[in-house]
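Only one structure is covered here, and it is reproduced in the block below.
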Amino acid sequence: MSTDLGLFLRTLNERVEPERLLERVVGGPPDDWQRRLMNSASDIIMVLASRRIGKSTTVGVMAGQELAKPDHQVIILSKTLAQSQLLFAKIAHTWETMALPIETRRRTMTEMHLKNGSAVVCVPAGQDGEQARGYGVRNGLLIYDEAAFIPDAVYGSTLAIAEDNAKTILITTPGGKSGKAYDMWTDHSMYPEVERIRACSLDIDRMAKLVERQRKTLSKFEFDVEHGLAWMGRGQPFFDPETITNSFTDTPQLKLGNIYDGISATR
Ligand SMILES: Nc1ncnc2c1ncn2[C@@H]1O[C@H](COP(=O)(O)OP(=O)(O)O)[C@@H](O)[C@H]1O
Ligand SMILES: [Mg+2]
């Protein structure tokens, strides 16, 4: 049997069924949103997700699934270099856990190139996506990590990186109520081609403990954004408005009673 055929047979199950890959990595079954994302046939998918729900892990598995095919590219855009290095480390770890029989040819802090001609590259998007300009994805994935925090100018210069056979995925916690990611999530008539997937920690049993801990430590506003998937209103202050009002108001009035009680002007 040729090595190519052997490789094909050994990875066939997992390529057909990405859930099995994810299960091996996290040691438990995938959530519904992960199943839906990994099996989606749409060209553009947007995932609005709570913090710590498994975004990077799922992106890692999807990247791995693409890398297992020959000559596929995965480009991941993060806001900053630090963020793209962090995400890359997570993806590389996920790839190792998947233990597919494909050798690595070259690896840096932000990219990994494999013997089968496939590669994953994490690119800092910066303010304008300048660093991503040279890339193209003929087959594979273009992923926007924390998409709601990536400047609009970046979308202008990078959405075209994904060519006809490539998928585009935007995955994010909620950001401000403006900009490209917010529009793509909310404006169905402008973006009918976008498949939208909600991944809310409040709906997922395995997250219950973390959610309850965070409910106590985060402000209501932070909790509603990071777990409840609420987009942040324009000009919404970081401090809870109710707390601010209460600290400057004199209602209920201070109960001092009659401070002139017992004082007689005639004495
Ligand atoms: N379906 C799942 N079942 C159990 N654990 C999971 C599942 N998906 C992800 N995890 C775990 O959740 C944790 C957070 O995942 P991560 O991908 O870093 O989240 P995020 O990028 O959303 O912050 C990791 O320890 C990961 O292994
Ligand atoms: Mg993450």
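Read-outs throughout are calculated quantities, based only on the coordinates presented, and are distinct from any laboratory measurement. Computed from a predicted structure; not experimentally measured. In this analysis, Cβ positions are derived from the backbone assuming ideal geometry, glycine residues included, and neighbour counts consider all displayed protein chains.
Here are the numbers for the structure shown:
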item	result
Three-way shape call for the range 90-197 based on the alpha-carbon gyration tensor, with the a/c threshold at 1.5	prolate
For Ser118, residues with placed amide H under 5 Å, excluding near neighbours	Asp71, His72
Pairs beyond 28 Å (Cα-Cα), from Lys180/Lys216; Lys177/Lys216; Lys55/Lys216; Lys167/Lys216; Lys177/Lys220; Lys115/Lys180	Lys180/Lys216; Lys167/Lys216; Lys115/Lys180
Label-point separation, Ser178 to Arg107 (7 Å along Cα→Cβ), nm	4.3
The range 3-206 pair-distance distribution - Cα-Cα, 10 Å bins, rounded %	9, 37, 38, 14, 2, 0
Normalised contact order of the range 3-206, rounded percent, pairs of Cα under 8 Å and 6 or more residues apart	26
Net +/- balance of residues flanking Ile171 in space, Cβ distance below 9 Å, scoring K and R +1, D and E -1	-1
